[in-house]
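Novice: Right, I'll just put the structure down here and ask away after.
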Amino acid sequence: MNFSALFWALQVLVGLGLIISATAAIRFKNLISAVIAMAVFSLILSLEFYILQAPDVAIAEAGVGACLTTAMYLLAIKNTTDEEVIE
């Protein structure tokens, strides 16, 4: 197996991972599960950037996309209630 075939096989696997995690984030009814699926999507995307030889973009995506954004979403969910105010 040559390098080109291995590269394309890895690209297909990463692409499938992106599609699966994005679909999971959309379909989950639980907000925390959806946020975790989005974090997985961001981590797989940072792997894709690393494979495409952009390590600086990969580190930024992992740091901001996966860590910081996920933490902000989880804090926002924690500080809200699921009660509706009826006037």
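All of the numbers you see were taken from the coordinates with simple rules; none came from a lab. The structure displayed is predicted, hence computed values, not measured ones.
Novice: Whether any residue in the stretch 47-58 is polar (S, T, N, Q) and more than 18 Å from the chain's Cα centre (by Cα) is what I want to check.
Specialist: yes
Novice: Same structure again: Looking at the structure I just gave you, is residue 53 on the phi > 0 side of the Ramachandran plot and not charged (D, E, K, R)?
Specialist: Yes.
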